[in-house]
Amino acid sequence: MPDEWRDRLIVKSIRYPDDAVACLEAGADGIVISNNGGRQIDGAPASTDVLGEIRVAVGPAMEVIVDEGFRYGADIAKALGEGASGVMIGKPYAWGLACGGALSVRSAQDYFQDGLRSTMTLTGARDLAAFRAGGAAPDS
């Protein structure tokens, strides 16, 4: 693949460990676990439900970003604890923009940051690396 694409390559809409491994073997730098909002395939697993399996399948070297269903700061901490390199949050910001413009987008951002900060305080996490290590992620 390096001959065809010289930049970083992130593949979106991964839902199964086998597909994640295929991306890794093909030379992708990362993946985004997403069920596309559950709109296309009824009954597709939630992104957070397959995150741990996928992280184990691809190991620590690959970027694994998770999309869909983040509504609280604690959700971010849980995803990091399950092995996510990062999370994508879109709908809350889109709803904020549609309902109240830039001020509401900022309000949504503050909401997630405050929730994550609160989760860090309650679990004793000094930084996000504490969640990535799996030691401080809150229970479901």
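Structure above, values below:
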| quantity | calculated |
| --- | --- |
| Given charges at Cβ of Lys, Arg, Asp, Glu: the chain dipole, positive-most of Leu9, Tyr72, Pro45 | Tyr72 |
| Residue among Arg117, Arg126, Arg71 with the largest mean-square fluctuation in a Gaussian network model of the chain, springs linking Cα atoms under 10 Å | Arg126 |
| Computed over region 1-68: relative contact order in percent, which uses C-alpha pairs under 8 Å that are six or more apart | 36 percent |
| Relative contact order [Cα under 8 Å, 6+ residues apart], the chain, whole percent | 20 percent |
| Prolate/oblate/rounded label for region 21-84 (Cα gyration tensor, a/c 1.5) | oblate |
| Correct choice for Kirkwood radius over Cα pairs in Å that was computed from the model, options [x] 16.0; [y] 19.6; [z] 18.1 | [x] |
| Mean ellipticity per residue at 222 nm, deg cm²/dmol - from DSSP H runs of n ≥ 4 across the chain, formula -39500 (n - 2.57) | -15500 deg cm²/dmol |
| C-alpha center-to-center spacing [region 59-118, region 13-32] in angstrom | 22 Å |
| Low-density loop cleavage sites - chymotrypsin sites (Phe, Trp or Tyr not before Pro) in region 66-123, where at most 16 other Cβ are within 10 Å (DSSP) | Tyr72 |
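Only the coordinates and a few stated rules stand behind these numbers; no lab work does. Quick caveat, the model's predicted, so the values are computed rather than measured. Cβ coordinates were reconstructed from backbone atoms using ideal geometry, including for glycine residues, and neighbour counts include every protein chain displayed.
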